[in-house]
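The values are calculated or read from the model by the stated rules, or taken from the named source; none is laboratory data. What you see is a predicted model; the values in this text were computed from it and never measured. Here Cβ is always computed from backbone atoms with ideal geometry, including for glycine, and neighbour counts include all displayed protein chains. We work out accessible area using only protein heavy atoms, side chains counted, and drop any ligands, DNA or RNA first. Shrake-Rupley method; radii C 1.70, N 1.55, O 1.52, S 1.80 Å.
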Amino acid sequence: MSDLIDDPMEGENAPEFSVSEISGAVKRVIEGEFAHIRVKGEVGRVSRPRSGHVYLDLKDDRSVLAGVIWKGVASRLSVQPEEGMEVVATGRLTTFPGQSRYQIVIEDIKPAGMGALMAMLEKRKTQLAAEGLFAPERKRPLPYLPEVIGVVTSPSGAVIRDILHRLRDRFPRKVLIWPVAVQGEKCAPEVTRAIQGFNRLSPGGALPRPDLLIVARGGGSIEDLWGFNEESVVRAAAASEIPLISAVGHETDTTLIDFAADQRAPTPTAAAELAVPVRMDLLAWVDKQEARMTHALTSGVTARGQRLRDLARALPRPERLLDTPRQRLDAWSDRLPAALTRTVQARRVRLFEASGALRPGALQSRLASRREMFLSWEARLAPALQRMVDRKRETLDRRLDRLSLRPIERDIARKSEQLDRVARRLSDAGDRQLRGWRERINAMDRLRETLGYKATLQRGYAVVRGDGDVVTTRAAALGAQALEIEFADGRMPVGGAPDDGAAQDRTLAEKPVKKPGKRPSDPPDQGSLF
């Protein structure tokens, strides 16, 4: 019987576990022993899928530890992990049963010391410089006197007070403040949105678009200023269409936004000084330029006046210029009668010579010869005309058989329609031309009415005549025997002039009149208006 029963195998009574049970047990053991740990290592492979999570490897010279950063944690990190960076990761160790591996769920990650930060900064700087974001030809000149200045900084720090105070001292300008966090996890995204937001403002909108941007922050450690080294901030500064001044930290502090900005200022106060000129210096310069311009104009007028006087002394007097032409005219006037007499005599001689050949007998003989020639032509003309008529009639008879009236009638109808259209167009053109001429005549008539002295009389003026002549002076009025005043509605005679000038002065004083300047368009015989 002992041969029929196998001997029991060692461990055969051990309990059986499913794959899930053993994976869960391992997970509980690992999470219980390593609930919260900090791991130092070099970042290896980094993967960022569309889900927003970050998958990476932490490694040293002998081992590799898989890690994951969930989407919510990755968006809050002040430093994003990059391949080759030495970091210290804080999190909890767990397992991933689907692939039978353990991994660290990272809750925070920081560079392992200053050397790692500087190495990462230098690598990022080299990468962005290779893309041309720091090229000098991309930088735009700053506006000389911007109307609106946009400031991206913290609203509660001393930086904004220093900038506003400096702008108020030098040249007050409108300032738009975009409040942002200047350190920590929110710094980079808020600064990026501020720069992009200012650039999206429409010129002439309800909120004015700045002519110049200042990104400012006080001094601090490299960790405090790290938000201005982020790639999103640098790209936003390089893509800004508005000229940008970087004033981050003190003079010894350098961030990547300083290389992408159009101008770097050592301090926020220096940024305000770069943004606007000194108002008093501008006023002094304007006064100086005004004085120079006044002096130049005065000197130029004086020099030209002196040159004009010098040229005037070199010119001859007008009466001397007319002496020679006047003398030449006198000489020609003395020679003119004799020349006319000789011309008439020469013409008379040629007339006598020509009239000698015109004898009545010669004319009669020529008329007789011409009459005989015409009579001979008359005898030959009738038969020739008859022959030509007969020939034309024969030709017409031959062509009459081929002649059809229908094409001629169609042609006549078409030509009649064309003639009617042309006649209508001609009539319309004539009417338009007549209307234009009529409007021009009416306009010229209105202009005549306006420029005539009758229209001036309508405005309260009058024409004074004395002894039938127009009176334009006081002396002429005193010497006239009778005066007549023409108003807009007719003429009114005035009695005889007084014997003494004093009475005439009293009459004129009792009736004050106004005498405007005579218009160039008034006729000379219409009297003076006053």
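Looking only at the range 209-217, decide whether some residue is open to solvent by 70 Å² or more (accessible area, probe 1.4 Å) and more than 24 Å from Gln127 (Cβ to Cβ).
Here is the first cut: in the range 209-217, the ones open to solvent by 70 Å² or more (accessible area, probe 1.4 Å) are none.
So far as the range 209-217 goes, no, none of its residues is open to solvent by 70 Å² or more (accessible area, probe 1.4 Å) and more than 24 Å from Gln127 (Cβ to Cβ).
Of everything in the range 428-486, what is in a strand (DSSP E or B) and either at pLDDT below 85 or at positive phi (or both)? Give them in sequence order. First the steps, then the outcome.
Initial filter on the range 428-486 (in a strand (DSSP E or B)): 463-466, 469-470, 482-486.
Residues satisfying the conditions are Asp469, Val470.
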Which of the helices (runs of 4 or more DSSP H) found entirely inside the range 249-353 contain at least 2 residues meeting this: open to solvent by 80 Å² or more (accessible area, probe 1.4 Å) and farther than 30 Å from Ile160 by Cα?
279-314, 318-321
Does at least one position in the range 147-168 carry a residue that is touching a residue at least 12 places away in the same chain (Cβ under 8 Å), in a strand (DSSP E or B), under 20 Å from Trp226 (Cβ atoms) and not aliphatic (A, V, I, L, M)?
yes
Test set (1) assigned to a helix (DSSP H, G or I); (2) surrounded by fewer than 20 Cβ atoms within 10 Å (Cβ to Cβ) - Glu241 fails condition number
(1)
Could you list, in sequence order, the residues of the range 429-468 that are within 28 Å of Glu486 (Cα to Cα), open to solvent by 100 Å² or more (accessible area, probe 1.4 Å) and not aliphatic (A, V, I, L, M)?
Arg446, Arg448, Lys454, Gln458, Arg459
Complete set of residues in the range 123-158 that are within 22 Å of Thr269 (Cβ to Cβ) and aromatic (Phe, Trp, Tyr)
Tyr144
Residues satisfying the stated conditions in the range 179-190, i.e. open to solvent by 20 Å² or more (accessible area, probe 1.4 Å) and closer than 18 Å to Asn229 by Cβ:
Ala181, Val182, Gln183, Gly184, Glu185, Lys186, Pro189, Glu190
Scanning the range 78-100 for residues that are closer than 20 Å to Gly227 by Cα, assigned to a loop (DSSP other than H, G, I, E, B) and open to solvent by 60 Å² or more (accessible area, probe 1.4 Å) gives Glu83
Has the range 231-238 got any residue that is open to solvent by 10 Å² or more (accessible area, probe 1.4 Å), of a type in the set (Asp, Glu), farther than 28 Å from Ala135 by Cβ and under 38 Å from the mean Cα position of the chain (by Cα)?
no
One residue is enough: does the range 394-404 have a residue meeting the conditions surrounded by 10 or more Cβ atoms within 10 Å (Cβ to Cβ), part of a helix (DSSP H, G or I), among the aliphatic types (A, V, I, L, M) and out of contact with any helix residue (DSSP H, G or I) (no Cβ under 8 Å at 6 or more places or on another chain)?
yes
Could you give every pair whose Cβ atoms fall below 9 Å, whose first residue belongs to the range 25-38 and is among the hydrophobic types (A, V, I, L, M, F, W, C), and whose second residue is assigned to a helix (DSSP H, G or I), counting only separations of at least 6 or pairs across chains?
Val26/Pro97
Within the range 160-178, is there a residue that is open to solvent by less than 40 Å² (accessible area, probe 1.4 Å), over 28 Å from the mean Cα position of the chain (by Cα) and under 20 Å from Glu223 (Cβ atoms)?
no
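For the condition exposed (fewer than 14 other Cβ atoms within 10 Å of the Cβ) and more than 25 Å from Glu190 (Cβ to Cβ), what is the one hit in Ser63, Ser75, Ser51? Steps first, please.
Numbers: Ser75 fails: more than 25 Å from Glu190 (Cβ to Cβ); Ser51 fails: more than 25 Å from Glu190 (Cβ to Cβ).
Within the list Ser63, Ser75, Ser51, the selection yields Ser63.
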